[in-house]
Amino acid sequence: MIEEPPSEVRVQFRDELDGVVREITRLAAHVTEAIPRGTQALLDGDLQTAQAMIDHDDVIDDLSIEIEERCYKILTLQAPVASDLRAIIAAIRLVAEIERSADLMVNVCKGTRRIYPTELPPPVRGLLQQMSEQATKLFTMCMDAYLEQDASLAAALDDIDDRLDDLHADFIQTVLEWGSDEGDIQPAVQLALIGRYYERIGDHAVNIGERVRYMVDGWLPEHAGSARVHATRPVWSDVEAAGGPDV
């Protein structure tokens with residue numbers, strides 16, 4: 001049986017989707033570069049680099065909007081279905097996750113200004129470096145899963161994120177003990193917030209993994225709250241049989 005060549009509409013859709021993927025990859029590159037750069041600015045007390053990264057966030061925001069608008073245009077003009085529709089929906093969701101991750105590194109840079117010129121002790125510096133490396137690893141892996149459409153890698157991200165969660169817990173304990181010993185809790189509070197930003201980047205990477213799984217095979221995560229609502233919600237036909245809902 002001779003396969004028919006893809007239609008012109010189909011070819012155009014694939015070209016436009018490939019363009020979206022390239023732009024998402026470019027957007028994600030800003031984050032994978034920002035994590036180690038922002039961390040180094042924090043460790044060095046480099047206010048100039050921190051401010052440059054804060055200012056650069058406008059570029060990331062503008063690119064995010066451009067990609068979203070491009071996706072909406074594809075939805076409107078191409079009316080994709082099935083896996084093509086999932087690919088566009090996943091792309092829109094990925095843009096949001098990536099942009100929020102960039103915002104978190106901006107928050108790290110703002111925290112750098114707030115704690116300046118506090119000298120960070122070696123244990124705190126070491127844990128910051130480890131969290132940065134783990135966050136970068138997670139973000140790189142989630143984007144690899146997206147580009148390769150690797151649902152198995154995407155599914156593994158949740159377990160890999162446990163390492164970052166453990167580092168975050170150790171970091172919080174370390175900075176609070178240090179702040180208590182120094183008698184100045186304000187830098188410790190700021191550092192605790194900074195630690196949370198790294199932990200949240202890991203969460204966004206896991207979310208991206210979930211979007212990839214949805215894109216590849218339609219899998220959706222189970223949300224405990226939603227499951228409880230559906231489990232306890234009365235069947236409407238039963239309510240009607242009982243004479244309608246109580247008011």
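Nothing in this text is a laboratory measurement; each read-out follows from the coordinates by a stated rule. Nothing here was measured: the structure is a model prediction, and the numbers come from that model. So basically every Cβ, Gly included, is an ideal-geometry build from the backbone, and we count neighbours across all protein chains shown.
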_Crossing angle, helix 185-217 versus the chain [Cα axis fit, 0-90 degrees, rounded to tens]_ = 20
*What list of ³J(HN,Hα) values in whole Hz, one per residue of region 53-62 in order, does the Karplus curve 6.51 cos²θ - 1.76 cosθ + 1.60 (θ = phi - 60°) give from phi, with Gly and Pro shown as x?*
6, 4, 5, 5, 4, 4, 5, 5, 4, 5
*Take THR118, THR39, THR25 and order them by how many other Cβ atoms sit within 10 Å, fewest up front.*
THR25, THR118, THR39
*What is the helix-to-structure angle for 122-148, meaning the angle in degrees between its Cα long axis and the longest Cα principal axis of the chain, kept from 0 to 90 and rounded to the nearest 10?*
20
*How far apart, in nm, are the 7 Å Cα→Cβ label points at ARG14 and ASP58?*
4.1
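Can you sort TRP219, TRP178 so the residue with the fewest Cβ neighbours within 10 Å comes first? Walk me through the numbers before you get to the answer.
Working: TRP219 13, TRP178 18.
Listing TRP219, TRP178 from fewest to most nearby Cβ atoms yields TRP219, TRP178.
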*With contacts defined as alpha carbon pairs under 8 Å and 6 or more residues apart, what's the relative contact order of the chain in percent?*
23
*What does the convex hull of the alpha-carbon atoms of region 1-102 project to on average, in nm²?*
7.8
*At what distance in angstrom do the alpha carbon centres of region 190-205 and region 63-108 lie from each other?*
23
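Given N residues in the chain, what is Rg(Cα) / (2.2 N^0.38 Å)? Each step should come with its number before you reach the end.
On the way: Rg = 22.5 Å, N = 247, 2.2 N^0.38 = 17.9 Å.
Dividing the Cα radius of gyration by 2.2 N^0.38 Å gives 1.26.
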*Relative to the longest principal axis of the chain, what angle (0 to 90°, nearest 10) does the C-alpha long axis of helix 8-44 take?*
10
*Exposure proxy check: MET141, MET131 ranked by fewest other beta carbons within 10 Å?*
MET141, MET131
_Per-q log10 I(q)/I(0), region 87-201, q = 0.19, 0.22 Å⁻¹ (Debye; single scatterer per alpha-carbon; no solvent)_ = -0.98, -1.21
